[in-house]
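Trainee: Would you mind keeping the following structure in view while I ask a few things?
The values are calculated or read from the model by the stated rules, or taken from the named source; none is laboratory data. Treat the numbers as computed from the prediction; the structure is a model and nothing was measured. Glycine also receives a Cβ, built like all others from the backbone with ideal geometry; neighbour counts cover every protein chain displayed. The area values use the complete protein model at the heavy-atom level, side chains included, leaving out ligands, DNA and RNA. Shrake-Rupley method; radii C 1.70, N 1.55, O 1.52, S 1.80 Å.
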Amino acid sequence: MTDDVFSPLEIRETTIRNRFAMSPMCQYSVDDRDGLATDWHRVHLGSRAVGGAGVVLTEATAVEKRGRITPEDLGIWSDAHRDALAPVVEFVDSHGGTPGIQLAHAGRKASKTRPWDGGEPLQPDEGGWETVAPSAVPYPYDDEPPATAKLEADEIADVVESFRAGARRAREAGFEIAEVHAAHGYLLHEFLSPVTNRRDDAYGGSFRNRTRIVREITEAVREEMGADRPVFVRISATDWLDDRASWDIEQSVRLADDLSDAGADLIDVSSGGINPDQAIESVGPNYQLRFAERIRNESDADVNVGTVGGITTAQQADAIIRNDRADLAIVGRKFLDDPYFPLHAARELGREDAVDVPVQYQRGF
Ligand code: FNR
(Lines give C-alpha, C1' and ligand atoms only; values in the text may rest on other atoms or scores of the structure.)
Protein backbone atom coordinates (compact mmCIF):
# COMPACT_ATOMS: atom_id res chain seq x y z
CA MET A 1 0.00 0.00 0.00
CA THR A 2 1.23 3.47 -0.82
CA ASP A 3 2.26 5.55 2.15
CA ASP A 4 0.51 8.86 2.62
CA VAL A 5 1.13 11.81 4.90
CA PHE A 6 -0.72 10.07 7.73
CA SER A 7 1.29 6.84 7.51
CA PRO A 8 3.49 6.28 10.55
CA LEU A 9 7.25 6.34 10.02
CA GLU A 10 9.32 3.86 11.95
CA ILE A 11 12.95 4.63 12.57
CA ARG A 12 14.84 2.37 14.94
CA GLU A 13 12.59 1.95 18.02
CA THR A 14 10.68 5.17 17.40
CA THR A 15 7.32 5.32 15.68
CA ILE A 16 6.45 8.76 14.36
CA ARG A 17 2.66 8.96 14.05
CA ASN A 18 2.57 10.77 10.69
CA ARG A 19 4.87 12.55 8.22
CA PHE A 20 4.36 16.12 9.40
CA ALA A 21 7.37 17.53 11.25
CA MET A 22 7.64 21.00 12.66
CA SER A 23 10.89 22.50 11.41
CA PRO A 24 13.29 24.02 13.93
CA MET A 25 12.47 27.70 14.34
CA CYS A 26 14.29 30.08 16.68
CA GLN A 27 11.93 31.82 19.06
CA TYR A 28 14.47 34.20 20.64
CA SER A 29 12.42 33.89 23.80
CA VAL A 30 14.55 32.84 26.76
CA ASP A 31 14.57 35.13 29.78
CA ASP A 32 17.74 36.69 31.18
CA ARG A 33 19.91 35.52 28.28
CA ASP A 34 20.48 32.21 30.10
CA GLY A 35 19.43 29.71 27.41
CA LEU A 36 16.80 28.08 29.64
CA ALA A 37 13.46 27.01 28.15
CA THR A 38 10.48 29.05 29.35
CA ASP A 39 6.69 28.81 29.30
CA TRP A 40 6.88 30.18 25.76
CA HIS A 41 8.75 27.10 24.54
CA ARG A 42 6.39 24.79 26.37
CA VAL A 43 3.30 26.39 24.87
CA HIS A 44 4.85 26.87 21.41
CA LEU A 45 6.17 23.32 21.03
CA GLY A 46 3.31 21.79 23.01
CA SER A 47 0.70 23.40 20.76
CA ARG A 48 2.15 21.71 17.69
CA ALA A 49 1.93 18.33 19.38
CA VAL A 50 -1.70 19.07 20.27
CA GLY A 51 -2.12 20.15 16.64
CA GLY A 52 -1.13 16.72 15.38
CA ALA A 53 2.51 17.09 14.30
CA GLY A 54 4.37 13.80 14.03
CA VAL A 55 7.72 15.30 14.98
CA VAL A 56 8.15 18.48 17.00
CA LEU A 57 11.67 19.85 16.69
CA THR A 58 13.03 22.53 18.98
CA GLU A 59 14.71 25.60 17.58
CA ALA A 60 18.50 25.57 17.07
CA THR A 61 19.64 24.78 20.61
CA ALA A 62 23.19 25.85 21.34
CA VAL A 63 25.67 23.23 22.57
CA GLU A 64 27.98 26.03 23.70
CA LYS A 65 27.22 29.52 24.93
CA ARG A 66 29.26 31.15 22.15
CA GLY A 67 27.31 29.04 19.64
CA ARG A 68 24.08 30.98 20.14
CA ILE A 69 22.85 33.15 17.29
CA THR A 70 21.37 35.64 19.75
CA PRO A 71 21.55 35.80 23.55
CA GLU A 72 17.86 34.84 23.59
CA ASP A 73 18.40 31.39 22.01
CA LEU A 74 17.82 28.07 23.76
CA GLY A 75 20.88 26.22 25.05
CA ILE A 76 21.81 22.71 26.19
CA TRP A 77 25.27 23.37 27.59
CA SER A 78 24.45 22.50 31.22
CA ASP A 79 22.25 20.16 33.23
CA ALA A 80 20.04 23.13 34.16
CA HIS A 81 19.21 23.47 30.46
CA ARG A 82 18.31 19.80 30.30
CA ASP A 83 16.03 20.15 33.32
CA ALA A 84 14.27 23.19 31.84
CA LEU A 85 13.58 21.27 28.62
CA ALA A 86 12.33 18.07 30.30
CA PRO A 87 8.76 19.34 30.96
CA VAL A 88 8.51 20.56 27.36
CA VAL A 89 9.50 17.11 26.14
CA GLU A 90 7.05 15.45 28.48
CA PHE A 91 4.16 17.58 27.25
CA VAL A 92 4.94 17.01 23.57
CA ASP A 93 5.25 13.28 24.19
CA SER A 94 2.03 13.07 26.19
CA HIS A 95 0.17 14.51 23.19
CA GLY A 96 1.56 11.99 20.75
CA GLY A 97 4.29 14.12 19.18
CA THR A 98 7.81 12.75 18.85
CA PRO A 99 10.04 15.32 20.57
CA GLY A 100 13.25 16.23 18.78
CA ILE A 101 16.00 18.70 19.53
CA GLN A 102 18.15 20.53 17.01
CA LEU A 103 21.70 20.64 18.36
CA ALA A 104 23.44 23.70 17.01
CA HIS A 105 26.48 25.94 16.97
CA ALA A 106 26.20 29.23 15.10
CA GLY A 107 29.93 29.60 14.36
CA ARG A 108 30.71 32.93 12.76
CA LYS A 109 27.00 33.78 12.45
CA ALA A 110 26.70 34.03 16.24
CA SER A 111 26.44 37.16 18.37
CA LYS A 112 23.53 38.95 16.71
CA THR A 113 20.49 40.85 17.89
CA ARG A 114 17.05 39.31 17.50
CA PRO A 115 15.39 39.76 14.09
CA TRP A 116 12.84 42.16 15.52
CA ASP A 117 15.72 44.20 16.99
CA GLY A 118 17.36 44.36 13.56
CA GLY A 119 19.32 41.08 13.39
CA GLU A 120 22.54 43.10 13.49
CA PRO A 121 25.95 42.08 14.85
CA LEU A 122 25.79 42.41 18.63
CA GLN A 123 28.55 44.75 19.72
CA PRO A 124 30.79 44.00 22.75
CA ASP A 125 29.19 46.77 24.86
CA GLU A 126 25.79 45.12 24.26
CA GLY A 127 27.01 41.70 25.39
CA GLY A 128 28.41 40.61 22.03
CA TRP A 129 31.18 38.02 21.88
CA GLU A 130 34.00 36.78 19.65
CA THR A 131 32.74 34.10 17.27
CA VAL A 132 34.59 30.97 16.13
CA ALA A 133 34.88 29.40 12.70
CA PRO A 134 37.10 27.06 10.66
CA SER A 135 38.98 30.11 9.40
CA ALA A 136 39.29 33.62 10.80
CA VAL A 137 37.04 35.20 8.21
CA PRO A 138 33.94 37.01 9.48
CA TYR A 139 30.55 36.69 7.80
CA PRO A 140 30.34 39.48 5.24
CA TYR A 141 27.89 41.67 7.10
CA ASP A 142 27.24 45.17 5.91
CA ASP A 143 28.83 46.68 8.99
CA GLU A 144 30.97 45.76 12.01
CA PRO A 145 30.82 41.96 12.26
CA PRO A 146 32.02 40.45 15.54
CA ALA A 147 35.68 39.35 15.60
CA THR A 148 35.98 35.76 14.36
CA ALA A 149 38.70 33.40 15.64
CA LYS A 150 39.93 30.26 13.90
CA LEU A 151 39.29 27.06 15.87
CA GLU A 152 42.52 25.19 16.61
CA ALA A 153 42.54 21.37 16.38
CA ASP A 154 42.17 20.87 20.15
CA GLU A 155 39.27 23.32 20.18
CA ILE A 156 37.57 21.34 17.40
CA ALA A 157 37.75 18.29 19.66
CA ASP A 158 36.05 20.39 22.35
CA VAL A 159 33.25 21.33 19.94
CA VAL A 160 32.70 17.65 19.13
CA GLU A 161 32.50 16.96 22.86
CA SER A 162 30.00 19.81 23.31
CA PHE A 163 27.72 18.18 20.74
CA ARG A 164 28.20 14.85 22.50
CA ALA A 165 27.31 16.33 25.88
CA GLY A 166 24.32 18.09 24.32
CA ALA A 167 23.07 14.79 22.92
CA ARG A 168 23.56 13.06 26.27
CA ARG A 169 21.53 15.74 28.05
CA ALA A 170 18.92 15.66 25.29
CA ARG A 171 18.45 11.95 25.80
CA GLU A 172 18.28 12.43 29.56
CA ALA A 173 15.60 15.09 29.03
CA GLY A 174 13.60 12.51 27.06
CA PHE A 175 14.11 13.67 23.49
CA GLU A 176 13.49 10.85 21.03
CA ILE A 177 15.32 12.50 18.14
CA ALA A 178 18.52 14.53 18.00
CA GLU A 179 19.10 16.57 14.86
CA VAL A 180 22.60 17.88 14.12
CA HIS A 181 22.40 21.33 12.53
CA ALA A 182 24.95 21.34 9.71
CA ALA A 183 23.13 23.82 7.45
CA HIS A 184 22.47 27.51 6.85
CA GLY A 185 26.01 28.83 7.13
CA TYR A 186 26.46 27.98 10.80
CA LEU A 187 29.57 26.33 12.24
CA LEU A 188 29.33 22.84 10.74
CA HIS A 189 28.32 24.12 7.32
CA GLU A 190 31.28 26.53 7.57
CA PHE A 191 33.54 23.47 7.77
CA LEU A 192 31.81 21.74 4.85
CA SER A 193 31.99 24.62 2.42
CA PRO A 194 35.21 25.74 0.72
CA VAL A 195 33.71 29.25 0.80
CA THR A 196 34.40 29.43 4.53
CA ASN A 197 36.89 26.63 5.16
CA ARG A 198 40.42 27.71 4.20
CA ARG A 199 42.21 25.27 6.52
CA ASP A 200 45.10 23.10 5.45
CA ASP A 201 45.02 20.61 8.32
CA ALA A 202 42.93 17.45 8.81
CA TYR A 203 39.73 19.58 8.91
CA GLY A 204 40.17 21.45 5.63
CA GLY A 205 41.05 21.04 1.99
CA SER A 206 39.77 17.73 0.64
CA PHE A 207 36.13 16.61 0.81
CA ARG A 208 37.13 14.02 3.39
CA ASN A 209 38.77 16.67 5.57
CA ARG A 210 36.04 19.31 5.25
CA THR A 211 33.39 16.77 6.23
CA ARG A 212 35.39 15.26 9.10
CA ILE A 213 33.89 17.30 11.95
CA VAL A 214 30.32 16.55 10.82
CA ARG A 215 31.09 12.84 10.68
CA GLU A 216 32.72 12.94 14.11
CA ILE A 217 29.77 14.80 15.61
CA THR A 218 27.24 12.48 14.00
CA GLU A 219 29.10 9.49 15.43
CA ALA A 220 29.23 11.09 18.88
CA VAL A 221 25.54 11.97 18.80
CA ARG A 222 24.67 8.46 17.64
CA GLU A 223 26.66 6.99 20.55
CA GLU A 224 24.86 9.16 23.07
CA MET A 225 21.38 8.63 21.62
CA GLY A 226 21.95 4.87 21.69
CA ALA A 227 20.91 2.26 19.17
CA ASP A 228 17.20 2.87 19.71
CA ARG A 229 16.68 6.56 18.93
CA PRO A 230 16.81 8.39 15.60
CA VAL A 231 19.53 10.85 14.63
CA PHE A 232 18.83 13.41 11.91
CA VAL A 233 21.30 15.76 10.23
CA ARG A 234 20.16 18.98 8.56
CA ILE A 235 22.34 20.07 5.67
CA SER A 236 22.33 22.81 3.09
CA ALA A 237 22.34 20.83 -0.15
CA THR A 238 23.88 23.74 -2.04
CA ASP A 239 25.45 27.12 -1.27
CA TRP A 240 23.73 28.58 -4.38
CA LEU A 241 27.12 30.04 -5.37
CA ASP A 242 27.78 28.46 -8.74
CA ASP A 243 30.34 31.12 -9.66
CA ARG A 244 32.95 29.87 -7.19
CA ALA A 245 34.28 26.82 -5.35
CA SER A 246 31.46 26.04 -2.94
CA TRP A 247 29.27 23.30 -1.49
CA ASP A 248 26.87 21.66 -3.94
CA ILE A 249 24.41 18.81 -4.40
CA GLU A 250 27.02 16.33 -5.66
CA GLN A 251 28.97 16.72 -2.41
CA SER A 252 25.72 16.47 -0.46
CA VAL A 253 24.92 13.10 -2.04
CA ARG A 254 28.38 11.85 -1.05
CA LEU A 255 28.00 13.25 2.42
CA ALA A 256 24.67 11.50 2.89
CA ASP A 257 26.43 8.15 2.37
CA ASP A 258 29.10 9.04 4.91
CA LEU A 259 26.58 10.30 7.45
CA SER A 260 24.52 7.18 7.08
CA ASP A 261 27.66 5.19 7.90
CA ALA A 262 28.26 7.49 10.87
CA GLY A 263 24.82 6.65 12.25
CA ALA A 264 22.41 9.20 10.76
CA ASP A 265 18.91 7.91 9.99
CA LEU A 266 17.53 10.89 8.11
CA ILE A 267 19.00 13.77 6.13
CA ASP A 268 16.92 16.93 6.51
CA VAL A 269 17.57 18.73 3.24
CA SER A 270 17.63 22.51 3.24
CA SER A 271 19.92 24.93 1.36
CA GLY A 272 21.86 28.17 1.46
CA GLY A 273 22.99 30.51 4.19
CA ILE A 274 26.77 30.51 3.79
CA ASN A 275 27.15 33.82 1.99
CA PRO A 276 24.85 36.76 1.19
CA ASP A 277 25.80 36.55 -2.51
CA GLN A 278 23.78 33.34 -2.82
CA ALA A 279 21.53 33.22 -5.87
CA ILE A 280 18.55 31.10 -4.84
CA GLU A 281 16.67 30.08 -7.93
CA SER A 282 13.22 30.18 -6.36
CA VAL A 283 11.62 30.09 -2.95
CA GLY A 284 8.25 28.82 -4.11
CA PRO A 285 6.38 25.65 -3.15
CA ASN A 286 8.68 22.62 -2.58
CA TYR A 287 11.69 24.65 -3.66
CA GLN A 288 14.21 22.35 -2.00
CA LEU A 289 12.43 19.06 -2.74
CA ARG A 290 14.54 18.29 -5.81
CA PHE A 291 17.66 18.20 -3.62
CA ALA A 292 16.04 15.78 -1.18
CA GLU A 293 15.00 13.64 -4.12
CA ARG A 294 18.49 13.59 -5.56
CA ILE A 295 19.95 12.50 -2.24
CA ARG A 296 17.30 9.85 -1.96
CA ASN A 297 17.82 8.56 -5.50
CA GLU A 298 21.57 8.96 -5.91
CA SER A 299 22.95 8.09 -2.52
CA ASP A 300 24.04 4.49 -2.02
CA ALA A 301 22.82 4.52 1.55
CA ASP A 302 19.31 3.55 2.47
CA VAL A 303 18.87 6.76 4.43
CA ASN A 304 15.57 8.57 4.96
CA VAL A 305 15.21 12.11 3.65
CA GLY A 306 13.13 15.00 4.88
CA THR A 307 12.20 17.91 2.68
CA VAL A 308 11.64 21.43 3.95
CA GLY A 309 10.73 24.68 2.27
CA GLY A 310 7.48 26.10 1.02
CA ILE A 311 5.14 23.35 2.19
CA THR A 312 1.88 25.08 2.99
CA THR A 313 -1.01 22.84 1.96
CA ALA A 314 -2.36 19.44 2.93
CA GLN A 315 -2.36 18.20 -0.67
CA GLN A 316 1.23 19.24 -1.16
CA ALA A 317 2.48 17.41 1.93
CA ASP A 318 0.41 14.36 1.03
CA ALA A 319 1.68 14.30 -2.57
CA ILE A 320 5.31 14.43 -1.43
CA ILE A 321 4.82 11.24 0.56
CA ARG A 322 2.44 9.47 -1.84
CA ASN A 323 4.75 10.01 -4.78
CA ASP A 324 7.65 8.71 -2.72
CA ARG A 325 9.68 11.89 -3.08
CA ALA A 326 10.68 12.18 0.61
CA ASP A 327 9.94 10.41 3.90
CA LEU A 328 9.10 13.44 6.01
CA ALA A 329 7.38 16.75 5.18
CA ILE A 330 9.12 19.32 7.36
CA VAL A 331 7.09 22.46 7.78
CA GLY A 332 8.23 25.82 9.12
CA ARG A 333 6.22 28.97 8.62
CA LYS A 334 2.91 27.25 7.94
CA PHE A 335 3.15 25.88 11.48
CA LEU A 336 3.56 29.42 12.80
CA ASP A 337 0.39 30.34 10.95
CA ASP A 338 -1.53 27.23 11.99
CA PRO A 339 -0.46 25.10 14.97
CA TYR A 340 -3.20 22.61 14.01
CA PHE A 341 -2.04 22.21 10.40
CA PRO A 342 -2.06 18.37 10.56
CA LEU A 343 -5.54 18.26 12.14
CA HIS A 344 -6.85 20.65 9.51
CA ALA A 345 -5.06 18.66 6.80
CA ALA A 346 -6.83 15.49 7.97
CA ARG A 347 -10.19 17.20 7.58
CA GLU A 348 -9.27 18.53 4.16
CA LEU A 349 -8.04 15.15 2.94
CA GLY A 350 -10.99 13.27 4.44
CA ARG A 351 -8.70 11.46 6.86
CA GLU A 352 -10.28 12.39 10.21
CA ASP A 353 -9.77 8.73 11.13
CA ALA A 354 -6.01 9.26 11.07
CA VAL A 355 -5.71 11.90 13.81
CA ASP A 356 -6.66 12.33 17.43
CA VAL A 357 -8.37 15.64 18.02
CA PRO A 358 -7.91 16.34 21.74
CA VAL A 359 -11.14 15.68 23.59
CA GLN A 360 -11.09 19.23 24.92
CA TYR A 361 -11.31 20.54 21.34
CA GLN A 362 -13.64 18.07 19.68
CA ARG A 363 -16.68 20.34 19.76
CA GLY A 364 -14.75 22.75 17.58
CA PHE A 365 -13.80 20.21 14.96
C1 FNR B 1 13.84 29.32 10.76
N2 FNR B 1 14.64 28.31 10.22
C3 FNR B 1 15.51 27.62 11.04
N4 FNR B 1 16.19 26.54 10.56
C5 FNR B 1 16.94 25.78 11.37
O6 FNR B 1 17.53 24.80 10.92
N7 FNR B 1 17.07 26.11 12.70
C8 FNR B 1 16.45 27.19 13.24
O9 FNR B 1 16.53 27.44 14.45
C10 FNR B 1 15.67 28.00 12.39
N11 FNR B 1 15.02 29.13 12.84
C12 FNR B 1 14.05 29.73 12.08
C13 FNR B 1 13.23 30.70 12.65
C14 FNR B 1 12.17 31.24 11.91
C15 FNR B 1 11.27 32.25 12.55
C16 FNR B 1 11.96 30.81 10.58
C17 FNR B 1 10.81 31.36 9.76
C18 FNR B 1 12.80 29.90 10.01
C19 FNR B 1 14.36 27.77 8.87
C20 FNR B 1 13.15 26.84 8.93
O21 FNR B 1 13.42 25.72 9.76
C22 FNR B 1 12.77 26.32 7.53
O23 FNR B 1 13.85 25.57 7.04
C24 FNR B 1 12.44 27.46 6.58
O25 FNR B 1 11.57 28.39 7.19
C26 FNR B 1 11.81 26.95 5.29
O27 FNR B 1 10.63 26.21 5.57
P28 FNR B 1 9.15 26.88 5.40
O29 FNR B 1 9.04 27.99 6.40
O30 FNR B 1 9.05 27.38 4.00
O31 FNR B 1 8.21 25.75 5.69
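Trainee: Classify region 241-346 as rounded, prolate or oblate from the Cα gyration tensor: take a ≥ b ≥ c as the square roots of its eigenvalues, call it rounded if a/c is under 1.5, otherwise prolate when a/b beats b/c and oblate if not. Before the final figure, lay out the partial values.
Mentor: On the way: a/c = 2.20, a/b = 1.31, b/c = 1.68.
In terms of gyration-tensor shape, oblate.
Trainee: Quick check: the angle from helix 79-94's long axis to the longest principal axis of the chain, C-alpha only, nearest 10 degrees?
Mentor: Computed tilt is about 20 degrees.
Trainee: Taking the full set of protein chains and a 1.4 angstrom probe, give the accessible area of residue 77 in square angstrom, rounded to the nearest 10.
Mentor: Per-residue accessible area (residue 77): approximately 60 Å².
Trainee: Quick one: which of 331-339, 176-184 comes out on top by average Cβ neighbours within 10 Å, and what's the full order, highest first? Please report the intermediate quantities before stating the final value.
Mentor: Details: 331-339: 17.9, 176-184: 27.1.
Averaged packing, sorted descending, gives the order 176-184, 331-339.
Trainee: Check the chain and count each lysine pair with an alpha-carbon distance under 24 angstrom, considering only pairs eight or more places apart or from different chains. Don't jump to the answer; show the numbers that get you there.
Mentor: Numbers: 65/109; 65/112; 65/150; 109/150; 112/150.
Going through the chain pair by pair, I get 5.
Trainee: In region 109-202, what trypsin sites (Lys or Arg not before Pro) fall in a loop by DSSP, with at most 14 other Cβ atoms inside 10 Å?
Mentor: 198
Trainee: How big is the antiparallel share of DSSP beta bridges in the chain, given as a percent to the nearest 5?
Mentor: Percent antiparallel among DSSP bridges in the chain is about 10.
Trainee: Give me the dipole magnitude in Debye, nearest 20, for region 40-151 about the Cα centre, with unit charges on the beta carbon: positive for Lys and Arg, negative for Asp and Glu.
Mentor: 360
Trainee: Please list the non-local residues whose amide H lies under 5 Å from the amide H of residue 98, H modeled 1.01 Å from N, same-chain partners needing a gap of 5 or more.
Mentor: 17, 55, 56
Trainee: When the helix-only estimate is applied to the chain (DSSP H runs of n ≥ 4, each -39,500 (n - 2.57), divided by the residue count), what is the mean residue ellipticity at 222 nm, nearest 500 deg cm²/dmol? If you can, show how the numbers build up before the last one.
Mentor: Numbers: 11 runs with 119 residues, N = 365.
Helices in the chain give a 222 nm mean residue ellipticity of -10000 deg cm²/dmol.
Trainee: Hey, any idea what the orientation-averaged projected area of the convex hull of the chain's Cα atoms comes to, in nm²?
Mentor: For the Cα atoms of the chain, the hull's average projected area reads 17.2 nm².
Trainee: Next question, about the same structure. Are there any trypsin sites (Lys or Arg not before Pro) in region 206-259 that are in a DSSP loop and have at most 16 other Cβ atoms within 10 Å? List them by number.
Mentor: Details: sites: 208, 210, 212, 215, 222, 234, 244, 254; in loops: 244.
Filter output for region 206-259: 244.
Trainee: Same structure, new question: From the square roots a ≥ b ≥ c of the eigenvalues of the alpha-carbon gyration tensor of region 27-154, which class results: rounded (a/c under 1.5), prolate (a/b over b/c), or oblate? Write down the numbers at each step before the final one.
Mentor: Working: a/c = 2.35, a/b = 1.98, b/c = 1.18.
Judged from the Cα gyration tensor, region 27-154 comes out prolate (a/c at least 1.5, a/b above b/c).
Trainee: Oh, and also: When the chain is treated as a GNM, springs tying every alpha-carbon pair under 10 Å, which of 153, 167, 84 comes out with the largest mean-square fluctuation?
Mentor: It is 153.
Trainee: Sorted by accessible area (1.4 Å probe), largest first, how do 225, 25, 1 line up?
Mentor: Listed by decreasing accessible area, they come as 1, 25, 225.
Trainee: Of all DSSP beta bridges located in region 85-227, what percent are antiparallel, nearest 5?
Mentor: Percentage antiparallel, nearest 5: 10.
Trainee: If you don't mind, another one. If you place +1 on the Cβ of every Lys and Arg, -1 on the Cβ of every Asp and Glu, and leave all else neutral, what size is the dipole of region 299-355 about its Cα centre, to the nearest 20 Debye? The partial results should precede the final answer.
Mentor: Values: 6 positive and 10 negative charges, 45 e Å.
It comes to approximately 220 debye.
Trainee: Another one. Quick one: which residues, 5+ away or cross-chain, put their amide H under 5 Å from the amide H of residue 237? H built at 1.01 Å from N.
Mentor: Those qualifying (amide H under 5 Å, at least 5 residues apart or on another chain) are 270, 271, 272.
Trainee: What do you reckon, how do 2, 61 stack up by accessible area (1.4 Å probe), largest on top?
Mentor: 2, 61
Trainee: Which of the listed residues, 232, 309, 262, is farthest toward the dipole's positive end in the chain, when Lys, Arg count +1 and Asp, Glu count -1 at the beta-carbon?
Mentor: Working it through, the farthest residue towards the positive pole turns out to be 309.
Trainee: Nearest 10 degrees, 0 to 90: what angle lies between the long axis of helix 289-298 and the longest principal axis of the chain (Cα atoms)?
Mentor: Once rounded, one gets 80 degrees.
Trainee: A further question follows. Relative to the longest principal axis of the C-alpha atoms of the chain, give the angle of the C-alpha long axis of helix 212-225, reported between 0 and 90° and rounded to the nearest 10°.
Mentor: Value to nearest ten degrees: 40.
Trainee: Let me ask something else about it. Answer with one residue from 67, 102, 299: the one whose Cα lies farthest towards the positive end of the charge dipole of region 9-364, charges on Cβ with Lys, Arg +1 and Asp, Glu -1.
Mentor: 299
Trainee: Using unit Cβ charges (K, R positive; D, E negative) and no other charged atoms, how large, in debye to the nearest 20, is the dipole of the chain about its Cα centre?
Mentor: Result for the chain is approximately 440 debye, rounded to the nearest 20.
Trainee: Using a 1.4 angstrom probe on heavy atoms only, work out the carbon and sulfur share of the accessible area of region 229-358 in %. Walk me through the numbers before you get to the answer.
Mentor: Values: 2120 of 5220 Å².
Roughly 41 percent, rounded to a whole number.
Trainee: Of 138, 341, 193, which is farthest towards the positive pole of the chain's charge dipole, taken about the Cα centre with +1 and -1 on the beta-carbons of Lys, Arg and Asp, Glu respectively?
Mentor: After comparing all options, I get 341.
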